Amino acid sequence: MTRLAFDPHIPLPLLAALIVAAAAITIFGLWRGARGALMRGLAFAILLFALAGPILVKETHAPLPDVVAVVVDRSQSMGVGHRQAQADAALAKLRQDLRREPNLTVRETSVTTTTTGENNGTQAFAALNNALADVPPSRIAGAVMITDGEVHDAPERLSMRAPLQVLIAGERGERDRKLTVTNAERFAIVGQSAQLVLRVDDFGGGGGSAEVSIAVDGKTLGTKVVPVGQDTTVKIPVTHEGENIVELSAAPGPAELTLQNNRAVVSISGVRDHLRVLLISGEPHAGERVWRNLLKSDPSVDLVHFTILRPPDKQDATPIEELSLIVFPTRELFLEKLKSFDLVIFDRYGEAGILPMAYFENIADYVENGGALLVSSGPEFAGAQSLYHTPLASVLPAQPSGDILAQGFKPIVTPTGLAHPVTRDLPGSNTETNPQPTWGRWYRMIGASNISGQTVMSGPGNRPLLVLDQVKKGRVAELMSDQIWLWARGFEGGGPQAELLRRLAHWLMKEPELESENLSASVVDGQMVVTRRTMAPIAQPVQMTMPSGNEMTIPLARIEPGLWRGTVKVNQLGLYRLTDGTLSAVTAAGPLNPKEVADMRATSDILEPLAKASGGSVHWLTDGAVGVRRVAPAQTAHGSNWIGLRRNGAYRVTSLEQEPLLPPWAALLLVVGSLVLAWRVEGR
Amino acid sequence: MSDGIEDGQGNALRGTLKSLGSLRIFTPDQPARGLLPPRRDTTGFAVTAIRSNSANAAGISVAAIGSHGEILSDAALAFKPGQDRGTAHITVPLEVRNQTARLQIQNEDSAGAVQLLDSGGIERRVGLVSAAPTENEQPLLSDVYYLERALAPFADVEKGTISSLLARHISVLFLADVGRISGSDADAVGQFVKHGGVLVRFAGPRMSNGTDALVPVGLRVGGRYLGSAMAWNQAQHLAGFPLASPFNGLAVPNEVTVSRQILAEPSAELSGRTWARLTDGTPLVTARQEGTGWLVLFHITASPAWSSLPLSGLYVDMMKRILALSAGTPAASLAHLSSLAPISMLDGFGRVQPPSPDILPIAAGDFEHASVSAKHPPGLYGAQGVASALNELNANASLAPLNFSGMQSYGAARTLALQPYLLAIAALLLCIDALTALWLRGYFPHRVLGVASLAFLVMLAPMPRAHADDAKDLKAALDTRLAYVITGLPDVDDMSKAGLTGLGQALKARTSYEPQEPMGVDVAHDDLSFYPLLYWPMDPREKNLSPAAISKLNDYMRLGGTILFDTRDLTLGAVRGDASPGEQTLRRLTQGLDLPPLEPVPADHVLTKAFYLLKDFPGRWTGGDLWVEKLPPAEKGGERAPARGGDGVSPVIIGGNDWAAAWAVDANGRPLTEPVPGGEMQREMALRFGINLVMYALTGNYKTDQVHAPALLERLGK
């Protein structure tokens, strides 16, 4: 293509002024009939033309293809009903139609749901902008979205200046029930209850009430009938430290698209700000200070220490005002306030008629109702004053056999103990490969028989040394020796006394991380990590039910004794249920109340205003297939059964040549020539 | 046509252009000069300028410029010949320092010659109040120190009492560990907040004992310890900020941990009032709107005592957002600061321009590492009042000159032979490189020191323990026995044994502790870990301790043992005090021992009430002081805490009343000596002291606890 262009040698205003002046003089001359005016006018014209710098420009053009973006929604909500199939059929037809169009490039992209990242829902416009990011606005022919209409990043105004055509998959007038947790406490004090505010909505009509069942850590807590469309508060008891997994599920409503949004999982951290410990010591001995040192060194432990320094059968003649006497509120302690304690420890306590039997009954009762009891026994346990002769015997896992072994020995972690979280990996412990522990020796242990529960440590001749047991709702640990203080005092290098007691205490208080039989699951970076702790030699594979209802089996691999793990990639938002036949676990992928499953009804309400504003349209795929037409920029871009894409006609300049049209010397000759002519005419 | 600066691509461009035809390169007459990020100090700004040509001496002027373009202050900066950077200090009066919007090299029209400063928007005056009295003695432990450091760049910081600060029209009031705001102050602070003030409180030991109504959420008394000896939870990290929090968008550093906090009482409205929380869901910062102002509570201390947050950059960013809140930026718009939108930009000539629409916001978490590009030109990003500056030159920037032969200046076609100078720079760089390489490989003194200390540590590896007689160990382990140190002097050892036998009989008769025969312990050879208490009489004839014995005794005391040193003053000589042979022996023997600071037994010490109530501690003699480990001073109105971790039993007790002699009995139970001057009554008191001592060693501070037990039980019910 060749065209004329001007590149003035002098500033444009000056040129304009010259043109005006020349025109005025010439017209004046012609009007007055002056001779040679025409010739002078010609000279003016040539000179001014030369000053304007005429250039001949030769351009070579190449037409540019228009670009259309096709965004296909493959998010989780598209899995409802036949939406995916509808979308695939529409996409296939669209591809065919677009392939026929000359000079059109198709950028196809899809939106998927990920379990990582923020609670974004379907990011269709982000995908659209990405697809067209490097395309100049003048080349965009339009955009086609195939979606159910649940798009969560719709802008107020489109930046693209081309029609947005939306094809909606799904049915009109769908109905669904949804459960939302509107407010949840993130943590609660152990022993108290946490409040959850939840709400059940029936989209597309409905009402009345809905039944919501509640389970904590896989154990059903009951059901609650809640009014539809209103916030309801429920209380969840928090029984242990760490994560308490609360699962809520609403019964199916009158009409359901999916049950995925009828469920929610909330994790509430159990927090203990203070550990309340009741330490009951018998005869003063070197180990007592060790107990006190451990418990008093932690400012978060509230220690109530009970011991008898002056037995009632021993009297001296000291006047009462010279004795340091402080009345101990035993009744309050052992009857009224006992349930407030997190842990009760008996340290070499022999019952010599000081505490009434009713107190021991109460302690046994406390254990059966979920309490934690640790007994460290000395020689008194084998004798007449044994705790085993009190009502506490009903909860003790080991019965004294009467013999006392007094010799140096190294405590050994039993094969059971090597797999048990309480004694696994204790510093200095024997291991599977090395049978000899490196910690110091103890000098006494009490013989025991009639063991219930698990023996995790043993003494010489495989005698049980540390026995753990579950008694109804509570837990008991019994240490058949009073010598653990030798570890604390560094005898022969000492041993992990503080660590063992810390683990024991928290196992007794049901810390989930110390459960010997435990199934837990969590979603980290899009990976479902299943952790199984078991004392069994083989861990069964775990069956996982996905939010969509599909099932899959996850095999577990042994990581270390007692610990098994399996990992699998997941990409659905919502609640995953896992079970290995005996234990079960639930976990949720993605945020609480994910936008993606908040409302799963197909809708045109979100995208219609945008499509209309851009000159595009919204079509429901249920109304039949649509064709594609190319339209000029000003034309209407939609019809009842077709969608329009703009034909922009953009081109690219591939080369450009400039050539001065009037070289200065030629201009000079012409001007001089015309002036000579003018003079000649005038001179006649 | 070039700006004369080599950006690493110069040669490639030159090659490309050369292949097209003949090439002439034009560069500016003047070398390019740039300004590096300034450092704030107490009197102004320390600035560093760099230049691309280091040949000649040159002088420039750097100015501090206010937000309306007014020059607040300036300073001359001279480049020395051969150096490509120069430094200067701009002194800016305190009053206008916060109004400084940018620093600029004057007459240098380039974005690289400008350093924009993070803007705190409108200047604000904030007040700091701390309840702790000793602010100036240990600045690194003080709450106010950290607050002041974080706030000073963005606000006028004033310190004083609550009433004096409120009178000075501050807009934010920071209270560090003020447990309860007292009467009239509380009303004044309440009014201050209602009328738009922001009250920021920090927790601390005082607040953990209860607080007043001017907190955003209900608090639990006592505080929570994370990662303590018996706790299961380790120190917690910060969780991501809630979406509605004004801190939303700030990057959470992984290294920040919290080891202690004040716990909020769980409630339904708590999550709405939480601005920051820990990974276990417990709140770290809570806030509540009150009137038009805000109550903000950090559940940790303002100093690093409870968490490492005050040591991180996040702390400063949080303070900045709180200041913006006080300037009227709504909390909701701060919460949207997860991406920082452009506010004003610098063009290539260093002039401020409004941002063009194609400039993209920067994610707040990435801002720290953002670099200038076409998408992100230098300028201010964020929101009014919390703008962060993105500058052309960062601290590591340097300007390398373009160096090709045949370059021409724009003005005159002059050529300047850069070759010699560049060679000189190359030589200098080579030197620096050589030194750096040496330093990195550790050839410098302080590294040498490190190696030496490592070697030292290796030498400190544990020494094999001498194995003692197993039968004796067994005997000692099975029963808790009274024990004395064998001095090797038969008369002294016999008396010790007789004394402990007598004390043992008294214990058996009166208390629940029934000791077996006392044992003599050879400090050098026996294992000491079995004995809660060692009785050690002093005698001038005793031999010095071997180093092994000293380290053994140190271990014994560290792991919870107690030694009673008896200097037996009047038994050995006529005098008490420094000159007495017992005390001299004590000083000689304990030379290598790791003794804590001592004090005479105070009247409220548990030794005076472990079993009997005692006022003095007589033995065979009476009078003289009994020394124990010094307890920390009592908190105001409160109990004294035990001296150390654990149960706080004193590892040494020192006195001189020859107690063994007073307790001593023969095989038939008859006393061996006559106490002077009190006779049998004094012997009784000596025995009472012995019983208290043994009970103290066995049960620690049990009696002190017992005093608190009713209060503790009271609390349990709640």
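Every number in this text was worked out from the coordinates using simple rules, so none of it is lab data. All of these numbers come straight from a predicted model, not from anything done at the bench. Glycine also receives a Cβ, built like all others from the backbone with ideal geometry; neighbour counts cover every protein chain displayed.
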Charges at C-beta only: +1 for Lys and Arg, -1 for Asp and Glu. How large is the resulting dipole of the protein assembly as shown about its Cα centre, in Debye rounded to 20?
4820
From the gyration tensor of the Cα coordinates in region A:216-342, what semi-axes in whole Å does the equivalent ellipsoid have, largest first, with each one equal to sqrt(5λ)?
54, 16, 11
Could you name the lysines whose alpha carbon sits less than 30 Å from that of A:LYS410, not counting residues in the same chain fewer than 8 places away?
A:LYS296, A:LYS510, B:LYS472, B:LYS475, B:LYS552
Projected convex hull area of region A:85-173, Cα atoms, direction-averaged, in nm², equals 7.3
Go through A:ALA382, A:THR233, A:PHE6 and say which Cα lies farthest out towards the positive end of the charge dipole of chain A; charges sit on Cβ, +1 for Lys and Arg, -1 for Asp and Glu.
A:PHE6
What whole number of Å gives the distance from the Cα centroid of region B:509-554 to the Cα centroid of region A:157-227?
71
Once you place label points 7 Å from the Cα toward the Cβ at A:ALA393 and B:SER409, how far apart are they in nm?
11.0
Just to confirm my numbers, what's the Cα centroid distance between region A:263-307 and region A:453-506 in Å?
16
Counting pairs of alpha carbon atoms under 8 Å apart in space and at least six apart in sequence, what relative contact order in percent does chain A give?
19
For A:LYS314 paired with B:GLU255, estimate the spin-label separation in nm (one decimal), with each label point 7 Å from Cα along the Cα-to-Cβ line.
5.6
Out of every Cα pair in region A:284-368, what percent are spaced more than 23 Å from each other?
34
Net lengthening on full extension, A:ASN641/A:LEU30 (0.36 nm per residue, minus Cα-Cα)
213.3 nm
Cα Rg, Dmax (largest Cα-Cα span) when computed across region A:570-629, Å:
19.5, 61
Relative to the compact-globule scaling 2.2 N^0.38 Å, provide the ratio for the alpha-carbon radius of gyration of region A:538-667.
2.18
Cα-Cα separations in region A:200-239 greater than 17 Å, expressed as whole percent
38
How much of the DSSP bridge set in chain A is antiparallel, in percent, rounded to the nearest 5?
65
Cα convex hull of region B:122-279: how many Å³ per residue?
152
Working note, region A:46-86: Cα radius of gyration (Å, one decimal) and Dmax (Å, whole number) are 28.1, 79
Could you tell me the center-to-center distance, by alpha carbons, between region B:588-635 and region B:266-323 in angstrom?
45
How large is Rg/Rh for chain A, to two decimals, with Cα atoms and a Kirkwood Rh?
1.32
Over the Cα atoms of region A:442-593, how large are the radius of gyration and the largest Cα-Cα distance (Dmax), in Å?
19.9, 61
What's the extension gain from B:ASP616 to B:SER2 if we count 0.36 nm per residue and subtract their Cα-Cα distance?
211.7 nm
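I need the calculated FRET efficiency for the pair A:ASN103 and A:LEU4, taking r as the beta carbon distance and R₀ as 25 Å, to the nearest 0.05.
0.30
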Taking 25 Å as the cut-off for C-alpha to C-alpha distance, list the pairs among A:LYS314/B:LYS703; B:LYS497/B:LYS543; A:LYS235/A:LYS569 that go past it.
A:LYS235/A:LYS569
For region A:170-282, the spread of Cα positions along each principal axis, largest first, Å
76, 23, 20
FRET efficiency for B:ILE71 and B:GLU158 from the Cβ-Cβ distance with R0 = 30 Å, rounded to 0.05, comes out at 0.65
Roughly what % antiparallel, to the nearest 5, for the DSSP beta bridges in the protein assembly as shown?
65
Spread of Cα-to-Cα distances over 5 Å intervals beginning at zero, given as percent, for region A:354-444:
3, 11, 16, 16, 15, 17, 12, 7, 2, 0
Taking each residue of B:693-705 in turn, how many C-beta atoms of other protein chains fall within 10 Å of its C-beta, and what is the average?
5
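Using the alpha carbon gyration tensor of region B:534-584, what are the three equivalent-ellipsoid semi-axes (square root of 5 times each eigenvalue), largest first, in whole Å?
Its equivalent ellipsoid spans semi-axes of 24, 13, 8 Å.
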In Å, what Kirkwood hydrodynamic radius results for region A:1-51 from the alpha-carbon pair distances?
12.0
At A:SER655 and A:VAL327, where each label point lies 7 Å from the Cα along Cα→Cβ, what is the point-to-point distance in nanometres?
11.4
Principal axis box of region A:397-504, alpha-carbon based, largest edge first, Å:
38, 30, 25
Rounded to the nearest 5, what % of the DSSP beta bridges within region A:5-116 are antiparallel ones?
20
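So what is the calculated 222 nm ellipticity per residue for the protein assembly as shown, using -39500 (n - 2.57) for each DSSP H run with n of 4 or more, over all residues, to the nearest 500 deg cm²/dmol?
About -7000 deg cm²/dmol.
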Could you please tell me the mean projected area of the C-alpha convex hull for region A:604-684, averaged over all directions and given in square nanometres to one decimal?
12.2
Kirkwood radius from Cα pairs of the protein assembly as shown plugged into Stokes-Einstein at 4 °C, 1.567 mPa s, gives D in µm²/s equal to 33
Plugging the Cβ-Cβ distance of B:ALA363 and B:ASN107 into 1/(1 + (r/R0)^6) at R0 = 41 Å yields, to the nearest 0.05, a FRET efficiency of 0.65
P(r), alpha carbons of region B:502-631 - 10 Å bins starting at zero, rounded %:
11, 36, 40, 14, 0
Going residue by residue through region B:691-702, the Karplus relation 6.51 cos²θ - 1.76 cosθ + 1.60 with θ = phi - 60° gives ³J(HN,Hα) values, rounded to whole Hz and with x marking Gly or Pro, of 5, 4, 4, 5, 5, 5, 5, 8, 10, x, 8, 3
How much length is gained if the chain between A:GLU432 and A:GLN230 is pulled fully straight, taking 0.36 nm per residue apart and subtracting their Cα-Cα distance, in nm to one decimal?
66.9 nm
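If the convex hull of the alpha-carbon atoms of region B:173-252 is projected onto planes in all directions, what is the mean projected area in square nanometres?
Values: hull surface 28.2 nm².
Mean orientational projected area (region B:173-252, Cα hull): 7.1 nm².
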Could you pull the Cα extents of region A:614-653 along its three principal axes, largest to smallest, in whole Å?
45, 15, 12
